[in-house]
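S.K.: Below: one structure in structure tokens.
The values are calculated or read from the model by the stated rules, or taken from the named source; none is laboratory data. Only a predicted model underlies this, so the values are computations on that prediction, with no experimental measurement involved. Cβ: placed from backbone, ideal geometry, glycine included. Neighbour counts: every protein chain shown. These accessible areas exclude ligands, DNA and RNA; they are computed on the full protein's heavy atoms, side chains included. Shrake-Rupley method; radii C 1.70, N 1.55, O 1.52, S 1.80 Å.
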Amino acid sequence: MNFNKQLKDGLIYQNPVLVQVLGMCSTMAITTSVANGFGMGISVLIILTLSNIFISLLRKIIPNEVRIACYIVVIAGFVTIVDLCLQAFFPDIAKSLGVFIPLIVVNCIIFGRAEAFAFKNKPLASAVDGLGMGLGFTLAITLISSIRELFGVGTVFGVQVMPEGYLPMDILVKPAGGFIVLGLTLALMNKLLPKKA
């Protein structure tokens, strides 16, 4: 198994947000600030990697008829752990992410990787896949968050970056702004990625 290719796929060629266009609910809702985007990205990265490992370890004993239910139990367990850790150590981020952390249980990125990769591959390969896809998700939503916060408010991580006279583009921190930034980012990614023959 080529681990470098797996990481590149997750980061670039099969990026869950910018290529596969998955996980749009959380991507659109929480990317109004870099702290939110980064917090959600790291949460998904941890949950995705650990879920992939456990599902891969259990793949030979999970009956085919109940594999989706088993995915939910495994993913929900890790979501609960991450949610409780956020509440204990990063209460501000936990509060601003709100319901979107528990909703990771049904995130199509995590389900998709469990079904398409972890259930069919060994734990090490599944860990690398989770790491690559998680990093790709984190980078994509942090990029979108950075653009929205920088131009929509004039700050990055809450620190004023734009000059004092800068007139913020308020629309970028509203729902419509999420669609605008995502659309432009997808268009740029589509332009930069090599076309398949």
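S.K.: State which residue pairs qualify: first residue without any contact (Cβ under 8 Å) to a residue 40 or more places away in the chain and inside segment 148-171, second residue among the small types (Gly, Ala, Ser) in any location, beta carbons under 6 Å apart, and separation of 6 or more residues or different chains.
M.R.: Met162/Gly154; Tyr166/Gly154; Pro168/Gly152; Pro168/Gly154; Met169/Gly152; Ile171/Gly177
S.K.: Return only the number of the condition from (1) within 13 Å of the chain's Cα centre (by Cα); (2) crowded, with 19+ Cβ neighbours inside 10 Å that Phe54 does not satisfy.
M.R.: Checking Phe54 against (1) within 13 Å of the chain's Cα centre (by Cα); (2) crowded, with 19+ Cβ neighbours inside 10 Å, the one that fails is (1).
S.K.: Do we have Leu186 as of a type in the set (A, V, I, L, M), within 24 Å of the chain's Cα centre (by Cα) and open to solvent by less than 90 Å² (accessible area, probe 1.4 Å) here?
M.R.: Criteria met by Leu186.
S.K.: Across segment 71-92, which residue is farthest from Arg113 (Cα to Cα) among those that are of a type outside the set (Phe, Trp, Tyr) and open to solvent by less than 40 Å² (accessible area, probe 1.4 Å)?
M.R.: Leu86
S.K.: Just checking, which of Leu150, Leu193, Leu182 is over 17 Å from Phe38 (Cα atoms) and of a type outside the set (Phe, Trp, Tyr)?
M.R.: Answer to the check: Leu193.
S.K.: Counting only residues that are in contact with a strand residue (DSSP E or B) (Cβ under 8 Å, 6 or more places away or on another chain), part of a helix (DSSP H, G or I) and open to solvent by 50 Å² or more (accessible area, probe 1.4 Å), how many does segment 136-170 have?
M.R.: Residues that pass the stated criteria total 0.
S.K.: Report, ordered by the first and then the second residue, all pairs with beta carbons closer than 7 Å, sequence separation of six or more or different chains, a first member in segment 13-26 that is farther than 22 Å from Pro102 by Cα, and a second member that is open to solvent by 10 Å² or more (accessible area, probe 1.4 Å) and in a helix (DSSP H, G or I).
M.R.: Between residues of segment 13-26 that are farther than 22 Å from Pro102 by Cα and residues that are open to solvent by 10 Å² or more (accessible area, probe 1.4 Å) and in a helix (DSSP H, G or I), the close pairs are Leu18/Thr185; Leu18/Leu186; Leu18/Met189; Val19/Tyr13; Val19/Met189.
S.K.: Are any residues in segment 101-136 closer than 10 Å to Ile53 by Cα and of a type outside the set (Phe, Trp, Tyr), and if so, which ones?
M.R.: Listed by number, the residues that qualify are Ala114, Ala118, Asn121, Lys122, Pro123, Leu124, Ala125, Ser126, Ala127, Val128, Asp129, Gly130.
S.K.: Consider Leu192 carefully, then state whether it is out of contact with any Phe, Trp or Tyr (no Cβ under 9 Å at 6 or more places or on another chain) and loosely packed, with under 13 Cβ neighbours inside 10 Å.
M.R.: So Leu192 passes the test.
S.K.: Going by what's in this entry, would Val66 be described as in a helix (DSSP H, G or I) and surrounded by fewer than 23 Cβ atoms within 10 Å (Cβ to Cβ)?
M.R.: For Val66, the condition - in a helix (DSSP H, G or I) and surrounded by fewer than 23 Cβ atoms within 10 Å (Cβ to Cβ) - is met.
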